[in-house]
Amino acid sequence: MNAQEIVRLNREYTFFSWAVQGTVDPIPMARAEGVYFWDAEGRRYLDFASQLMNVNIGHSHPRVIQAIKEQADRLLYAAPSFATEVRGELGRRLAEIAPGDLKKTFFTLGGADANENAIKIARLVTGRQKIITRYRSYHGATYGAITASGDPRRLPVEPGIPGVVHILDPHCYRCPFGQEPESCHRECIAHVEQIIRFEGPENVAALLIEGVTGTSGIIVPPDDYWPRLREICDRYGILLIADEVMSGFGRTGEWFAVNRWGVVPDMITMAKGITSGYLPLGAVIVSERIADYFEDHMFWSGLTYSSHPMSCAAAIATLQVYEEEKLLEHTRQMERVMADGLADLQARHPSVGDVRGLGLFWVLELVKDREAREPLVPWNARPDELGPMPALTRFMREHGLYTFNKWNWIFLIPPLPITADQIAEGLAVVDEALKIADEFAR
């Protein structure tokens, strides 16, 4: 098929996520390798979004492809009541890389149902019902996960599940408590404990928090935020769940973002980078204390494709790639390259209000006015409120750079093996594209 026919068939017979279907203009993707992919017309794109922030090891890694082929020849599927070699081996490997005493894993199909099951586990173990999450958060599109999300995509499908309470975020650039760094007393942390008291600590099962906020703007918390959340949870007997679906598996230069602050949650949810997106897989790993609870209590959960052998084989091979190619160490090295490059863009472009990130997990926040921090386009902007953003996105696409853009944010989240030269290649296109935004900045 030619590119036009591929797009026509996809638009006529399939739904595209989070889109008014008549407006979608997809790239007809044909193949991919390393940090690049090609469309059906042969145009090459530098993937600065790791597709949907999940192709952490890069596209088409031969080790993972071979592992998938070998597993297909050996065993394609086993019901979740069966034990398989790859299931046990992957569980063991996750226990080795997880912090503290996190040991036992329930495998799901992706991040949303990992979070669904973490919520369920927290309620079963504690006997409490309330789950506290943040407003600037995204935990998945299924009903429980979207309710837990603060992202406004939850609003059209409410009411969701009961018992979810949202809190404000540690967003230093747009502090909801009106503080600047020199006046900050960590009101964002005191606020969490205040909400727990308002809701009744005896009613709160868990805090569900992204390691580093993902599609809600790459919000990196202050260094004492996660440790103090751990202290608050311990004080009230509340479980702490780290959603590492996007921020895990090397994305911040550590296996999990919470490792950067030395915190051991009670549960970690994961997906995306666990297989680098090669096959669908999610997981929730729990502490030994939680695992012990289910030794003599029913584990009220199950999925037909839980512990799918093909996905487990892909995950084992992916973990080997992270280790053998030292991708976590490489990511920490490239963090400085990306940070310096983005700081340079900020210095030269008045439309760049803030630069945030860790590892290879970054965002540019665009503004009309740096002093007032007025967003270039409003939060939760309608299609007719996006101003220059569609033109900016189109420019980068026409110049061979694929980024994930949302409202006034440009996300820069490339595959972890990216080199300094390839980062410079991508930022050169962003540099030119920002001239479009600068025309709207004061």
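No lab work stands behind these numbers, since they all come straight from the coordinates. It should be emphasised that the depicted structure is a prediction, and the values quoted were computed from it without experimental measurement.
Worth a mention:
- A full extension of the chain between S60 and L303 corresponds to an added length of 84.7 nm, given 0.36 nm per residue minus the alpha carbon distance.
- For the options D431, D113, D266, a Gaussian network treatment of the chain with springs between C-alpha atoms closer than 10 Å singles out D431 as fluctuating the most.
- Fully extending the segment from R43 to A347 would add 106.3 nm, taking 0.36 nm per residue of separation and subtracting the current Cα-Cα distance.
- The rule of thumb for compact globular proteins, 2.2 N^0.38 Å, goes into the C-alpha radius of gyration of region 174-240 1.16 times.
- Working from Cα pairs under 8 Å separated by at least six residues, relative contact order for region 62-221 is 21 percent.
- Scattering profile of region 63-324 at q = 0.12, 0.16 Å⁻¹ [log10 I(q)/I(0), Debye over alpha-carbon scatterers]: -0.69, -1.20
- Percent RCO, i.e. relative contact order, over region 285-442, from Cα pairs under 8 Å lying at least 6 residues apart: 23
- Mean separation of Cα pairs under 8 Å and 6 or more residues apart, divided by the residue count, gives region 123-215 a relative contact order of 38 percent.
- Three-way shape call for the chain based on the alpha-carbon gyration tensor, with the a/c threshold at 1.5: oblate
- Shape of region 312-442, Cα gyration tensor, a/c cut at 1.5: prolate
- For the chain, the tally of Lys pairs with Cα-Cα distances below 30 Å comes to 20, considering only residues 8 or more apart or on different chains.
- Table column - 3J(HN,Hα) (Hz), region 134-139, Karplus curve with 6.51, -1.76, 1.60, x for Gly and Pro: 9, 5, 8, 8, 9, 10
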